[in-house]
Amino acid sequence: QVQLVESGGGFVQAGGSLRLSCTVSGSIFNINNIGWYRQAPRKQRDLVAQTTSGGSTNYADSVKGRFTISRDNAKNTVYLQMNSLKPEDTAVYYCNAVLRRVGSTGFSSYWGQGTQVTVSS
């Protein structure tokens, strides 16, 4: 089985910072893309930031310059450093990993359970 466990969400005032972590465990052969999505109430789930196995990164325009994604391949962990938070960043943040399991020939997408981030004005 594959599990994605997120941590680091919480409540913060506008202008503050939070750091999210997501650790992938299980019978993993390798992880390709891994990143963060978010979903606000009554809205669709959107990409926030993503990093590839080659180290490339991709950010939503709304978070560029404020959020930084990084990964520790040895720990199968991805981080999202969120600075200068705004009330519009309030959402449930989900970790997503596209990975290949041991014994599998293809890649599949897996999701974490989500962590709430609330930014007050």
Inset, instruction - Spot the failing condition for Thr68; the list is (1) open to solvent by less than 40 Å² (accessible area, probe 1.4 Å); (2) out of contact with any helix residue (DSSP H, G or I) (no Cβ under 7 Å at 6 or more places or on another chain); (3) under 19 Å from Ser7 (Cα atoms), and only one is missed. - result: (1)
Inset, instruction - Return only the number of the condition from (1) within 21 Å of Ser84 (Cα to Cα); (2) assigned to a loop (DSSP other than H, G, I, E, B); (3) among the polar types (S, T, N, Q) that Ser21 does not satisfy. - result: (2)
Inset, instruction - Those residues that are over 22 Å from Asp89 (Cα atoms) and more than 12 Å from the chain's Cα centre (by Cα), I need them from segment 23-47; list them, please. - result: Ser25, Gly26, Ser27, Ile28, Phe29, Asn30, Ile31, Asn32
Inset, instruction - Tell me, please, whether a residue that is assigned to a strand (DSSP E or B), within 12 Å of the chain's Cα centre (by Cα), closer than 19 Å to Ser120 by Cα and not hydrophobic (A, V, I, L, M, F, W, C) can be found in segment 76-85. - result: yes
Legend entry - Residues of segment 32-48 that turn out to be of a type outside the set (S, T, N, Q), open to solvent by 60 Å² or more (accessible area, probe 1.4 Å) and either closer than 14 Å to Lys64 by Cα or not in a strand (DSSP E or B) (or both), as a count: 4
Inset, instruction - Pull up segment 1-18, narrow it to residues that are of a type in the set (Gly, Ala, Ser) and part of a strand (DSSP E or B), then point me to the one that is farthest from the chain's Cα centre (by Cα). - result: Gly10
Inset, instruction - Just name the residue that is modelled with the lowest pLDDT out of those in segment 12-27 that are out of contact with any Pro (no Cβ under 7 Å at 6 or more places or on another chain) and surrounded by fewer than 16 Cβ atoms within 10 Å (Cβ to Cβ). - result: Ser27
Inset, instruction - Might you check whether a residue that is open to solvent by 60 Å² or more (accessible area, probe 1.4 Å), in contact with a Ser or Thr (Cβ under 7 Å, 6 or more places away or on another chain) and over 22 Å from Gly106 (Cα atoms) occurs anywhere in segment 49-64? - result: yes
Legend entry - Flag if Ile69 is assigned to a strand (DSSP E or B), among the β-branched types (Val, Ile, Thr) and either closer than 19 Å to Ser121 by Cβ or in contact (Cβ under 8 Å) with a residue 60 or more places away in the chain (or both): no
Inset, instruction - Determine if segment 98-112 includes at least one residue that is at negative phi, free of Cβ contacts under 8 Å to residues at least 40 places away in the same chain and not hydroxyl-bearing (Ser, Thr, Tyr). - result: yes
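The values are calculated or read from the model by the stated rules, or taken from the named source; none is laboratory data. Predicted model only: the values in this text are computed from it and were never measured. No Cβ is skipped: glycine too gets one built from the backbone with ideal geometry, and neighbour counts run over all protein chains shown. All accessible areas refer to the heavy atoms of the entire protein, side chains included, with ligands and DNA or RNA removed. Shrake-Rupley method; radii C 1.70, N 1.55, O 1.52, S 1.80 Å.
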